[in-house]
Amino acid sequence: MSAPASPAGSAHPAPSTRRAVFNTVRGSLGNLVEWYDVYVYTVFASYLQSSFFADGEPNAGIYTMAIFAVTFVMRPIGSWFFGRFADRHGRRPALVFSISVMAGASLLIAITPTAESIGSLAVVILVLCRLLQGFATGGEYGTSATYMSEAATPGLRGFFSSFQYVTLVGGHVLAQITLLVQQAFLTDEQIREFGWRIAFLIGALGAVVVLYLRRAMDESLHTDTEDKRRGSMTELFTAYPKQLLVCFLVTLGGTVAFYTYSVNGPLIVKSTYTDRGMTATWINLAALVFLMLIQPLGGLLSDRIGRKPLLVGFGVAGVLWSWTFLNLLPKVETPMVSFLLLAGTYVILTGYTSINAIVKAELFPAHIRALGLGLGYALANSMFGGTAPVIYETAKEKNALDAFGIYVTVAIGISLLVYVFVLKNRQQTYLDREQLAHRDRVTVQ
C-alpha cells in the first residue's frame, strides 16, 4: 500500500539506539504488567470458577471462559478512547492512564468476596472488573505498539517493536511462574482459598511500579499543533478506510492463531497431565519462555528481509498445521513431545506475533496512528481472538473439535490472502516519510 505524506511536525525524529532502548523498556514494562493481569485469569481459571460459581455448577468452566471472552467487548471502546487520547495529547499520558485503570481493576478482583459470601454479586463484580481490564488493554495495545514503533531507530523497527510481544508473552510467563511457585509452596486448597488473590495483587502492585516508570518516558508525538484531524474517527473512516480494513484482516487470522496456540494449547496440556503434579505447568512455562525469547529474532529477520515473508510463512504454515495441532496435542502423553509440539507451533506463530505491531503501525500516519492501529486490532481481537477459548470449550463439550480446527484454518487463510495480495514488501512507510520530512526540515533550518 502506498503511503502519502503525513502532516508535517506530527512525529518526533527517531532517537538514538540508547534512547530507543530506554523508551522501549519503559513502554514494554507496562505492556508486561497489563498482559500479566490478562493471563493470570486464564492460568488461575480453575481456582476462580470454584470461588465465583456455586459448587456443582455444570457449566462453570464455560462460564469462566465466557467472562474471559466478554472482556474483549471493551477492547474496541478502550482502543477508541485511548487511541483518540494518544493521538491528541501524546502517547505517554495515554499509557500512564491505561496502566492506572488496570491497577485498580486488579486490586478490586484481589479483594472481592467469593460466591459463598455474597452470592451472585461476586461474579457481577468479577465481570465488571474484567470489563475495565479489557478497556485498559484495548488502549494499551494500540498505544504501546504506536509508541514503540515511533521510538525505535530506523533499520531496527522490527526488532524494537517485537518487544511488545516479548512482554505480552512475558505476562503469560509471569502468570505461569506465579502458579508454579504457589504449587510448590501451597496446597491446592490454599491456592483455591487465597493463592489466586495473591496473583492478582501482584499485578496491581506491578502496575503501580510501572506507573512511576512511565512518567519518565520520552514523548514520541508532538502536540504543539492544532490539527483537528488528530484522533478523529471521521478522519479515520473517510481518509484511511482501506488501511483500517487491512489492519483488521491482518489481525484476524493472527489473533485466532495466538489464542488457539497460546491459551488453548496450554489448557490442553494441563488437562492431559492432571494426575502428574506440576508436569503441565513446567511444559507450558518452558514453551512460553521459548515463544517469548524468539520474538526479537523474528523482528530482526523482518528488518533484513521485510515483513511480508514472515507473515506469508506464518499464514501458509498455520493453514497446514492448525487442524493437526488441535487433534494431535490432546493425544500426546509424553512431556518432551508435548513441549516440542508447542515449541514448533510457536515458531510458526512468531511469523505473526514478532512483527504484527510494526506492520500495523506502518499503515497509518502519526496523527491517526494510535486510533487506527488500536481500533483495527481491537475489533478483530474482540470478534475472533478473545472468543477462541470459549468457542474451543464449547466445541469440546459438543464433541466438535474438528469444526473448531476448520474455523481456525479458515481464519488464518483469510489473513493469508491479505498477506499475499495486499501487503507490499520493503516499501517506504509513513514512519519512513515522517523521519525524512523531519530530516529535510532540519536541513533547511
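Any idea which of (1) open to solvent by less than 20 Å² (accessible area, probe 1.4 Å); (2) over 23 Å from the mean Cα position of the chain (by Cα) is the one residue 106 doesn't satisfy?
(2)
Is one or more of the residues making up the range 339-348 without any contact (Cβ under 8 Å) to a residue 12 or more places away in the chain, open to solvent by 30 Å² or more (accessible area, probe 1.4 Å) and among the β-branched types (Val, Ile, Thr)?
Residues of the range 339-348 that are without any contact (Cβ under 8 Å) to a residue 12 or more places away in the chain, as a first pass: 340, 344.
After this cut, where a residue has to be open to solvent by 30 Å² or more (accessible area, probe 1.4 Å) as well, the list is 340, 344.
Restricting the remaining residues to those that are among the β-branched types (Val, Ile, Thr) gives none.
No: the range 339-348 contains no residue that is without any contact (Cβ under 8 Å) to a residue 12 or more places away in the chain, open to solvent by 30 Å² or more (accessible area, probe 1.4 Å) and among the β-branched types (Val, Ile, Thr).
Out of (1) more than 25 Å from residue 42 (Cβ to Cβ); (2) buried (at least 20 other Cβ atoms within 10 Å of the Cβ); (3) not β-branched (Val, Ile, Thr), what's the single condition that is false for residue 389?
Tallying (1) more than 25 Å from residue 42 (Cβ to Cβ); (2) buried (at least 20 other Cβ atoms within 10 Å of the Cβ); (3) not β-branched (Val, Ile, Thr), residue 389 fails exactly one: (1).
Considering only the range 128-141, state which residues are touching a residue at least 24 places away in the same chain (Cβ under 8 Å) and either open to solvent by 40 Å² or more (accessible area, probe 1.4 Å) or under 18 Å from residue 204 (Cβ atoms) (or both). Even if it seems obvious, please write down each step before you answer.
Of all residues in the range 128-141, those touching a residue at least 24 places away in the same chain (Cβ under 8 Å) come to 129-141.
Scanning the range 128-141 gives 129, 130, 131, 132, 133, 134, 135, 136, 137, 139, 140.
Would you check which residues across the range 404-416 are touching a helix residue (DSSP H, G or I) at 6+ places or on another chain (Cβ under 8 Å) and either open to solvent by 60 Å² or more (accessible area, probe 1.4 Å) or closer than 12 Å to residue 252 by Cα (or both) and list them?
Residues of the range 404-416 touching a helix residue (DSSP H, G or I) at 6+ places or on another chain (Cβ under 8 Å): 404-409, 411-416.
Passing the criteria: 406, 407, 408, 409, 411, 412, 413, 414, 415, 416.
Being surrounded by fewer than 16 Cβ atoms within 10 Å (Cβ to Cβ), within 22 Å of residue 416 (Cα to Cα) and among the hydrophobic types (A, V, I, L, M, F, W, C) is true for just one of 328, 291, 297. Which residue is that?
Details: 328 fails: within 22 Å of residue 416 (Cα to Cα); 291 fails: surrounded by fewer than 16 Cβ atoms within 10 Å (Cβ to Cβ).
Just one listed residue meets the conditions, 297.
Might you let me know whether the range 294-306 holds any residue that is of a type in the set (D, E, K, R), without any contact (Cβ under 8 Å) to a residue 12 or more places away in the chain and over 27 Å from residue 176 (Cα atoms)? Spell out the reasoning first.
Step one: of the range 294-306, the residues of a type in the set (D, E, K, R) are 303-304.
Filter again for without any contact (Cβ under 8 Å) to a residue 12 or more places away in the chain, leaving 304.
Those left that are additionally over 27 Å from residue 176 (Cα atoms): 304.
Scanning the range 294-306, I find at least one residue that is of a type in the set (D, E, K, R), without any contact (Cβ under 8 Å) to a residue 12 or more places away in the chain and over 27 Å from residue 176 (Cα atoms), so the answer is yes.
Tell me yes or no: at least one residue of the range 255-262 is surrounded by fewer than 17 Cβ atoms within 10 Å (Cβ to Cβ), touching a residue at least 60 places away in the same chain (Cβ under 8 Å), among the small types (Gly, Ala, Ser) and more than 17 Å from residue 368 (Cβ to Cβ). It would help to see each step written out before you state the result.
Narrowing the range 255-262 to residues surrounded by fewer than 17 Cβ atoms within 10 Å (Cβ to Cβ): none.
No: the range 255-262 contains no residue that is surrounded by fewer than 17 Cβ atoms within 10 Å (Cβ to Cβ), touching a residue at least 60 places away in the same chain (Cβ under 8 Å), among the small types (Gly, Ala, Ser) and more than 17 Å from residue 368 (Cβ to Cβ).
Restricting attention to the range 154-205, which residues are open to solvent by less than 10 Å² (accessible area, probe 1.4 Å) and polar (S, T, N, Q)?
161, 162, 164, listed by residue number.
Considering only residues of the range 109-127 that are small (Gly, Ala, Ser) and crowded, with 17+ Cβ neighbours inside 10 Å, which is farthest from residue 236 (Cα to Cα)?
Let us first name the residues in the range 109-127 that are small (Gly, Ala, Ser), namely 110, 115, 117, 119-120, 122.
Of the ones still in play, those that are also crowded, with 17+ Cβ neighbours inside 10 Å are 110, 115, 122.
On the way: 110: 38, 115: 44, 122: 40 Å.
Ranking the candidates gives 115 first.
Which residues, taken from the range 215-251, are surrounded by 15 or more Cβ atoms within 10 Å (Cβ to Cβ), in a helix (DSSP H, G or I) and either more than 25 Å from the chain's Cα centre (by Cα) or modelled with pLDDT under 70 (or both)?
The answer is 235, 239.
Please work out which residue is farthest from residue 164 (Cα to Cα), limiting yourself to the range 263-282 and to residues that are among the aliphatic types (A, V, I, L, M) and open to solvent by 10 Å² or more (accessible area, probe 1.4 Å).
In the first step, residues of the range 263-282 are kept if they are among the aliphatic types (A, V, I, L, M); the result is 263, 267-269, 278, 280.
Those still in the list that are open to solvent by 10 Å² or more (accessible area, probe 1.4 Å) too: 267, 278.
Values: 267: 24, 278: 29 Å.
Ranking the qualifying residues of the range 263-282, first place goes to 278.
Please find, within the range 98-147, the residue that is nearest to residue 33 (Cα to Cα) out of those that are aromatic (Phe, Trp, Tyr) and either at pLDDT below 90 or not in a helix (DSSP H, G or I) (or both). Lay out the reasoning, then the answer.
First pass over the range 98-147, keeping only residues aromatic (Phe, Trp, Tyr): 135, 141, 147.
After this cut, where a residue has to be either at pLDDT below 90 or not in a helix (DSSP H, G or I) (or both) as well, the list is 141, 147.
Details: 141: 12, 147: 17 Å.
Checked the range 98-147; the qualifying residue nearest to residue 33 (Cα to Cα) is 141.
Name, by its number, the condition in (1) within 29 Å of residue 88 (Cβ to Cβ); (2) aromatic (Phe, Trp, Tyr); (3) open to solvent by less than 40 Å² (accessible area, probe 1.4 Å) that does not hold for residue 212.
(3)
So the check is Cβ under 8 Å with 6+ separation or different chains; which pairs have a first residue in the range 216-237 that's under 17 Å from residue 143 (Cα atoms) and a second one that's hydroxyl-bearing (Ser, Thr, Tyr) and modelled with pLDDT of 70 or more?
Listed pairs, sorted by first residue: 217/147; 220/146; 220/147.
The values are calculated or read from the model by the stated rules, or taken from the named source; none is laboratory data. Because the structure is a prediction, the values reported are computed rather than measured. Don't worry about glycine lacking a Cβ; one is built from the backbone with ideal geometry, like all the others, and counts go over all protein chains shown. Each accessible area value is taken on the protein alone, full model and side chains, heavy atoms only, with ligands, DNA and RNA left out. Shrake-Rupley method; radii C 1.70, N 1.55, O 1.52, S 1.80 Å.
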